[in-house]
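For reference, the structure is listed below as structure tokens.
The values are calculated or read from the model by the stated rules, or taken from the named source; none is laboratory data. Worth saying up front: this structure is predicted, and the values here are computed from it rather than measured. When we count neighbours, we look across all protein chains shown, and the Cβ atoms used for this are built from the backbone with ideal geometry, even at glycine. The accessibility values were calculated without ligands, DNA or RNA, using every heavy atom of the protein model including side chains. Shrake-Rupley method; radii C 1.70, N 1.55, O 1.52, S 1.80 Å.
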Amino acid sequence: MSIFDGLAAVEEEILKCMKCGNCQAVCPLYQESRREPAVARGKIRLAAAVLEGKLEPTDGLAERFALCLTCLACVASCPSGVKVDRIILAARTVLTQKKGLPFIKKTIFTGLSRPRLFDLGVKTAARLQGLLFKNIEPGKMQPRFPIGLELRRIVPPLAPVPFRDQVAEKHTVERPVATVAFFTGCMTNYLYPEIGQATLRVLKAHGVDVIIPRLQHCCGAPILYNGAADMALEMARSHVDLFGGIQADAIITVCGTCGEAFKHLYPELLEDIPRYSERAREVAAKILDITQFLHKLPFNPKLFRAPELAVTYHQPCHLGRGLGVVQEPLFIIRSIPGVNYLPLKEPARCCGNAGSFSLTHYDMSYQILTRKLKDIEDTGAQLVVTGCPACRMHLTDGLTQEQMPQKVVHTVELLARLLEEK
Amino acid sequence: MSVAQAIEALRRELGKNNVITATEDLFCYSYDATADLPEQTPDVVVTPENVDQVVKVVKIARQFRLPIYPRGSGTNLSGGTVPIKGGIVLSTLKMNRILEIDPSNLTATVQPGVIIQDLNNAVAPYGLIYPPDPGTVATATMGGSVAECSGGLRGLKYGVTRHYVMGLELVLADGEVIRYGGKTVKNVTGYDLVRLFTGSEGTLGIITEIIVRLIPAPQARETMLAGFSRLADAGNAVADIIGQKVIPATLEIMDRVTVETVENFAHVGLPTDVEAILLIEVDGIPEVVKSEAAAVRQVIAKNGGWVKTAENDEEREKLWSARRAALPALARRKPTTILEDATVPRSKITDMLLAVEDIGKRYNLVIGTFGHAGDGNLHPTILADARDEEEMERVRAAVEEIFRAALSLGGTLSGEHGIGIAKKQFLPWEMGNPGVQVLKKIKQALDPDNLLNPGKMVDLT
Ligand SMILES: Cc1cc2nc3c(=O)[nH]c(=O)nc-3n(C[C@H](O)[C@H](O)[C@H](O)COP(=O)(O)OP(=O)(O)OC[C@H]3O[C@@H](n4cnc5c(N)ncnc54)[C@H](O)[C@@H]3O)c2cc1C
């Protein structure tokens, strides 16, 4: 039984919680609201109440379970090793089955789950976005109307040409040391093609052949995290088919959440489906974040040169605590001559974006971001490096609104910029 | 007069943002960190922002005869915050300002919802510390820890919460606001009510402001790990260290069950061929630290143990992480963790360790014992599964025997976790019925209508 079959699958996890409350010390949402339902311990009690039949799956309950960043901070610090994220996902799945999704989420997810239609829709939207958004400066827009986004929110424009349409499917170098398949993720494809281009350049510079399968689409994580497992099933299957059929040494991701989808969620989701469970695990075993892969190659710092540059690094939740990629990005950043790494006080604290959470709870999301901005300011760094497009978007939003001068880039973009032209 | 009217009144006086009534939310205030206790949801949760609002809550509670259950972070281990009679849970978490740090008087004034660690962070730049450090420093509130008179790892040398509380502001059950004590080191004006309210578990008044004593941070420290092949040797070493007139800041013990479990789960490099280990830290002026550490090493050798000294911060941190992993690691072995708190005079620590070991064997239970050996405060931790009713019966019987053992050695039911619901029925064992009567008279005098945290510590009927 998987977590996507409901709460019974996580009964042991629920029982393991000894209610010590240690999660209070690390939960960003609890620290803002200081209310027990916000913290893991409270939500676990609610999940137990549902299991015991003491609580009905109400809208109110769905709202309580929506109030979680799935930043995994509680999981990392839980003395009893409770996998809180699994309980949250199981509960959300039950609640979504019973109560359905809010309209805006349902619309988006239905779109995401129909790859061809989605691609067409985004491309059309890219042409028309000027009607709904005004340009602030290159790479930054603000909504003209409240279209499900806060008016003050700064977002990147949709790329006129998505990344996967900009590049060929296969890229070969002379005497390759490895071949990888690149899963780009939606944000890189439609919002930040420069992250995709950077990945390609850096991999090629390291002598790696890259395949960017045309037929890839959304990983489905946003849907799974919102409890709509049934909608994501086909997405998972098609990716397992697609990437399972490619001869590659590794599958590269540039977003911790996409990586998590392949590595942890697909095997869980496809666990009981005969032909898929095995292959899902094989595909999962090949998933590596770009920094992990480069670090293993090994990374060649001689390819890069920085004019004195002071950078800091924000650790994305799903990359760090989710995939366990903590040291590799730091190792890479610090090994480039000229780069001066100035650590954040709490590098691993959630920035507050949390995917669709920032759509539905923007105020709280921004409140959490405010702490991160203060931390960034304290480092004195000029550039914020991070390993996740969503964090990048959120940090840029905050820095712009607060009129702070720091810029944000993905780790691999930093590398591509510092790559010495040969 | 109904609960609905009371809620109406609370909303009017506190604003609707400070009054929580959704069923889903109330469930999250039905428990604390205590295992194996009944849970109960309150009728309403209030989050007052200042003392005036606390007074209003008390007045409304009086008018509508609803009990009030004060609550900080809900991390206590005696059922102190479970609203067993329904009514109002009063959360102090919105009263979380550090009002003043006064380096010339070495005091800090805080609201009850301040987290202990936040106070420590705030006074660190002054070179000061607030020593009481329960395992929950990062989560527990000042109000909750004063109400429980929490102890912690440094009790032996630095004492417990009551040794640092100098003044209190409280709202009494009749709605009056009173202040006792203050910033003076000396104060014998009237009965020592600051001490009475410290450790009163929310049954006598609601704490709304606390003045605490701070001390200079120690200049140097040395941390050592000692291993013993017999449990009794470890216990005797504890007594001997103190016999040598060395008072370590920390003197912690972990028995074999705990050590093995920690090593299995956390892999911190602990030896697993021991019956017990001690973690010892001496601190103070550098020269004194040196000579005390030397004395400690001698005592350990004399008792047949080996010792390893942390050479740098990294090694020290490693030893500490082993100690911090004790409860977590134990908690992972089985779903239900019952953490006991029986305490004996430290000269009896060996007897108590052996008694617990024996009780575990007789009831066929896994008990890991660790704790603050230096002050006689052990935490025998019973690992069980709440779904196994037969096993839970054995757990309850074993807990009673642990209490009896501690009392027969001249100890106490609870060193630092409090009485609450969990140990209420055992009070007569320690203080006799006449002793319990005195508690009741105090409760009767201050809260005749039994409005404040009813059902905890003593029952009025
Ligand atoms: C893993 C773990 C380790 C622990 N380690 C230790 C330890 O080493 N030493 C130790 O002593 N304890 C320890 N404890 C117990 C607990 O953390 C402490 O008792 C803690 O100080 C309680 O603080 P709190 O804010 O959670 O209070 P709560 O649990 O919310 O409340 C505790 C009691 O205080 C009352 N109360 C709360 N606020 C007020 C107020 N403003 N006015 C009046 N009454 C009030 C409540 O009604 C209740 O009776 C541990 C607990 C856990 C779960």
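Key figures
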| item | result |
| --- | --- |
| Reach of B:Lys157 by Cα under 17 Å, taken over aspartates and glutamates that are not fewer than 8 positions away in the same chain | B:Asp133, B:Glu222, B:Asp240, B:Glu252, B:Glu281, B:Asp283, B:Glu292, B:Asp375, B:Glu416 |
| Solvent-accessible area buried by pairing B with A, both sides, nearest 100 square angstrom, 1.4 angstrom probe | 2600 Å² |
| Candidate residues B:Lys245, A:Lys106: accessible-area rank, largest first, probe 1.4 Å | B:Lys245, A:Lys106 |
| Most to least packed among B:364-375, B:180-191 [average Cβ atoms within 10 Å] | B:364-375, B:180-191 |
| Reach of B:Lys441 by Cα under 20 Å, taken over lysines that are not fewer than 8 positions away in the same chain | B:Lys423, B:Lys424, B:Lys456 |
| Charge sum, other residues only, whose C-beta stays under 12 Å from B:Ala6's C-beta, Lys/Arg counted +1 and Asp/Glu -1 | +3 |
| Counted charge near A:Leu399, where neighbours are those whose Cβ lies closer than 11 Å (Asp, Glu -1; Lys, Arg +1) | +1 |
| Taking chain B and dividing mean pair separation by its residue count, relative contact order in percent (alpha carbons under 8 Å, at least six apart) | 15 percent |
| The range B:425-444-the range A:168-236 distance, computed between alpha-carbon centres (Å) | 70 Å |
| Per residue solvent-accessible surface (Å²) - the protein assembly as shown, probe of 1.4 Å | 40 Å² |
| Solvent-accessible ranking of B:Asp43, A:Asp378, B:Asp273, largest area first, probe 1.4 Å | B:Asp273, A:Asp378, B:Asp43 |
| The range A:253-270-the range A:77-94 distance, computed between alpha-carbon centres (Å) | 17 Å |
| By accessible area with a 1.4 Å probe, ligands and nucleic acids excluded, highest first: order of B:Ser78, B:Ser347 | B:Ser347, B:Ser78 |
| Mean projected area (nm²) of the alpha-carbon convex hull when the range A:299-418 is viewed from all directions | 6.9 nm² |
| For the protein assembly as shown, average projected area of the Cα convex hull in nm² | 39.1 nm² |
| Restraint check, A:Lys19/A:Lys98; A:Lys204/A:Lys302; A:Lys140/A:Lys263, Cα-Cα greater than 23 Å | A:Lys19/A:Lys98; A:Lys140/A:Lys263 |
| Mean separation of Cα contacts under 8 Å, 6 or more apart, over the residue count of chain A: relative contact order % | 15 percent |
| Reachable aspartates and glutamates from A:Lys374, criterion Cα separation under 13 angstrom, eight or more residues apart if same chain | A:Glu346, A:Glu402 |
| Antiparallel bridge percentage (DSSP; both residues within chain A; nearest 5) | 25 percent |
| 10 Å Cβ neighbours from other chains, averaged over peptide A:42-55 | 3 |
| Considering only the protein assembly as shown, percent of DSSP beta bridges that pair antiparallel, nearest 5 | 70 percent |
| Gyration tensor (alpha-carbon) shape descriptor, chain A, a/c threshold 1.5 | rounded |
| Accessible area of the range B:218-329 belonging to carbon and sulfur atoms, whole % at 1.4 Å probe | 49 percent |
